[in-house]
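Peer 1: First the structure, which I've put down as structure tokens, then a few questions once you've had a look.
The values are calculated or read from the model by the stated rules, or taken from the named source; none is laboratory data. Keep in mind that what you see is a predicted model, and the values were worked out from it rather than measured. As a convention, Cβ positions derive from the backbone with ideal geometry for all residues, glycine included, and neighbour counts pool all protein chains shown. Areas reflect the complete protein model, heavy atoms only, side chains present, ligands, DNA and RNA absent. Shrake-Rupley method; radii C 1.70, N 1.55, O 1.52, S 1.80 Å.
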Amino acid sequence: MLAIPRKQRAMVRKAIGRGLAGEIDGDTRRFFAMYADNVHRHGTPAMSARYFERLRSVFGDATEVLTVVDATGEPVSSVLSFYFREEVLPYYAGDTVAARDLAANDFKYWDLMRRACERGVRVFDYGRSKRGTGSFDFKKNWGFEASPLAYEYKLLRRDSLPQNNPSNPKYAAFIALWRRLPIGLANRLGPLIVRNLG
């Protein structure tokens, strides 16, 4: 706990004080419900539930789903992580609207780090995030040092990189429309759309 910067440590303690607990799930059902709800609130299509089931099936013990529940046992945040050698990579995550007030995401990553240490993991790879985004700032609050990543592109019929990301103004109308779709319809259409993005 002392390795976490003071302000972030206060958020973790706040979450502990609210009675949050972490549970390891044997499947992706609770995770998927929160993941799909989260991306829907952000106006982004979700991948299919079957995709996440397949990841668990193919990677087996190298994957883990950690779900945070509130004091009443209600799931509020979840993460699907990958383990490789002495590393853990929390890759897909989701939460409910209540998660922010409960500091559930702070608790989720602290609990994942704690559990990973118990497994002998030495590297926590927080993944990539663009500077100036909320996820970048959240990760920075944990005291992690950002390392720039180099990318190489081969442009076949373009003279510039495609900007397929939610901050591109050309997607604003689509994002606003997507948020208004009923979640069931969004979950049916999402996998058809997301495979053509990027």
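Peer 1: Rank D111, D159, D95 by mean-square fluctuation in a GNM of the chain with C-alpha springs under 10 angstrom and give only the top-ranked residue.
Peer 2: D159
Peer 1: Of the heavy-atom accessible surface of the chain (probe 1.4 angstrom), what whole percent is carbon and sulfur? All intermediate terms of the calculation are to be shown ahead of the outcome.
Peer 2: Working: 6810 of 12760 Å².
The nonpolar share, carbon plus sulfur, comes to 53 percent.
Peer 1: Which GluC sites (Glu not before Pro) from the range 1-109 combine a DSSP loop assignment with at most 16 other Cβ atoms within 10 Å? It would help to have the intermediate numbers written out before the result.
Peer 2: Details: sites: E23, E53, E64, E86, E87; in loops: E86.
Qualifying residues, ordered by number: E86.
Peer 1: Stokes-Einstein diffusion coefficient for the range 1-149 at 4 °C in a medium of 1.567 mPa s, Rh from the Kirkwood formula over Cα pairs: what value in µm²/s? Walk me through the numbers on the way to the answer.
Peer 2: Details: Rh = 15.7 Å.
Reported coefficient: 82 µm²/s.
Peer 1: For V76, which sequence-distant residues (separation of 5 or more, or a different chain) have an amide H within less than 5 Å of its own amide H, given hydrogens modelled in the peptide plane?
Peer 2: Excluding prolines and chain starts, which carry no amide H, the hits are V68, V69, D70.
Peer 1: Between R6 and A98, what length in nm is gained on full extension when 0.36 nm per residue of separation is reduced by their alpha carbon distance? Please list the in-between numbers first.
Peer 2: On the way: separation 92, 0.36 × 92 = 33.12 nm, distance 2.35 nm.
My answer for the length gained is 30.8 nm.
Peer 1: Go through the range 179-192 residue by residue and turn each phi into a ³J(HN,Hα) via Karplus (6.51, -1.76, 1.60, θ = phi - 60°); whole Hz please, and just put x for glycine and proline.
Peer 2: For the range 179-192, the Karplus curve yields 4, 7, 5, x, 4, x, 5, 4, 5, 7, 7, x, x, 6 Hz.
Peer 1: Cα-Cα over 23 Å: which of K14/K140; K14/K130; K139/K170; K7/K139?
Peer 2: Numbers: K14/K140 19 Å; K14/K130 28 Å; K139/K170 28 Å; K7/K139 13 Å.
Beyond 23 Å: K14/K130; K139/K170.
Peer 1: Quick check: net charge around T72, other residues with Cβ under 14 Å of its Cβ, Lys/Arg +1 and Asp/Glu -1?
Peer 2: -2
Peer 1: Whats the longest run of the chain with zero chymotrypsin sites (Phe, Trp or Tyr not before Pro) that are DSSP loop and have at most 10 other Cβ atoms within 10 Å?
Peer 2: That would be 1-150.
Peer 1: Enter the angle in degrees (range 0 to 90, nearest 10) between the Cα long axis of helix 29-41 and the first principal axis of the Cα atoms of the chain, meaning the one along which they spread out most.
Peer 2: With rounding to tens, the tilt is 50 degrees.
Peer 1: Between the alpha-carbon centers of the range 171-194 and the range 81-132, tell me the distance in whole angstrom.
Peer 2: First find each Cα centre; the distance between them is then 26 Å.
Peer 1: How much mean residue ellipticity at 222 nm does the chain get from its helices, if each DSSP H run of length 4 or more adds -39500 (n - 2.57) and you divide by all residues, to the nearest 500 deg cm²/dmol?
Peer 2: On the way: 8 runs with 83 residues, N = 198.
Here the helix-only value at 222 nm equals -12500 deg cm²/dmol.
Peer 1: Would you please name the trypsin sites (Lys or Arg not before Pro) within the range 137-198 that are DSSP coil residues with at most 13 other C-beta atoms within 10 Å of their C-beta? If you can, show how the numbers build up before the last one.
Peer 2: Working: sites: K139, K140, K154, R157, R158, K170, R179, R180, R188, R195; in loops: K154, R157, R158, R195.
When the trypsin sites (Lys or Arg not before Pro) of the range 137-198 are filtered for loop state and at most 13 Cβ neighbours within 10 Å, K154, R157, R158, R195 remain.
Peer 1: With Rg and the Kirkwood Rh both taken from Cα atoms, where does Rg over Rh land for the range 62-188?
Peer 2: Working: Rg = 17.7 Å, Rh = 17.4 Å.
Across the range 62-188, the Cα-based Rg/Rh ratio is 1.02.
Peer 1: Let me have the relative contact order for the range 80-198, percent, based on Cα pairs under 8 Å that are six or more residues apart.
Peer 2: Details: 52 pairs, mean separation 21.4, N = 119.
Relative contact order for the range 80-198 comes out at 18 percent.
Peer 1: Taking H placed 1.01 Å from N in the peptide plane, check which residues at least 5 places from Y92 or on another chain put their amide H under 5 Å from its amide H.
Peer 2: Placed amide hydrogens put L80 under 5 Å from Y92.
Peer 1: With θ set to phi - 60°, apply the Karplus curve 6.51 cos²θ - 1.76 cosθ + 1.60 along the range 20-27 and write out the HN-Hα couplings as whole Hz, x wherever there is a Gly or Pro.
Peer 2: 6, 9, x, 10, 8, 8, x, 9
Peer 1: Assuming 0.36 nm per residue, please report the length gained on full extension of the stretch T133 to D159 beyond their Cα-Cα distance. Numbers along the way, then the final one.
Peer 2: Working: separation 26, 0.36 × 26 = 9.36 nm, distance 2.60 nm.
My answer for the length gained is 6.8 nm.
Peer 1: Next up: Starting from the residue with the highest accessible area, list R128, R119, R85, R9 in decreasing order, probe 1.4 Å. Present the calculation step by step, with values, prior to reporting the outcome.
Peer 2: Values: R128 170, R119 120, R85 205, R9 40 Å².
Order by accessible area, largest first: R85, R128, R119, R9.
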